[in-house]
Amino acid sequence: MNDSNSRLVYSTDAGRIHEPEVAPERPKGDGIVRIQRQTSGRKGKGVCLITGIDMDDAGLTTLAAELKKKCGCGGAVKEGVIEIQGDKRDLIKSLLEAKGMKVKLAGG
């Protein structure tokens, strides 16, 4: 059973064998933060998606909390993308530019 495609999935000694999960690498951006508005799949409710911020997950969560507080709305961080509820693109752009980031409004 020394096949290169086989792997141990169950052992009578330890039960199920779980593979260690590896966090996926986020692609490096071009240094430009992009803000786009999206409504698809959200029952007509619009959200602003902020992509291209080169921070770790803890930094993104802190930044998202600050943006939500300043905008007075909800939001979340999902897979390295900050989602802010509502159409607050201009306010978010001015807040991020004040932090020294290069920001573009993407999409329509």
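Ordering of 88-94, 55-61 by packing is 88-94, 55-61, highest average first (other Cβ atoms within 10 Å, averaged per residue). For segment 56-66, the Karplus equation 6.51 cos²θ - 1.76 cosθ + 1.60, evaluated at θ = phi - 60°, returns couplings of 7, 4, 5, x, 5, 5, 5, 5, 4, 5, 5 Hz by residue, with Gly and Pro reported as x. With the simple spin-label model, which puts each label point 7 Å out from Cα in the Cβ direction, the Glu97 to Met55 separation comes to 1.9 nm.
If you filter segment 45-101 for GluC sites (Glu not before Pro), then keep DSSP loop positions with at most 11 other Cβ within 10 Å, what is left? Hits after loop and neighbour filter: Glu79.
Go through Lys45/Lys68; Lys69/Lys93; Lys43/Lys70 and tell me which ones have a Cα-Cα distance over 18 Å in this structure. With Cα atoms farther than 18 Å apart: Lys43/Lys70.
What the Cα convex hull of segment 47-108 gives, in volume per residue, is 80 Å³.
Bear in mind these aren't lab numbers, they're just calculated from the coordinates by the rules spelled out. Because the structure is a prediction, the values reported are computed rather than measured. Note: ideal-geometry Cβ built from the backbone for every residue, glycine included; neighbour counts use all protein chains shown.
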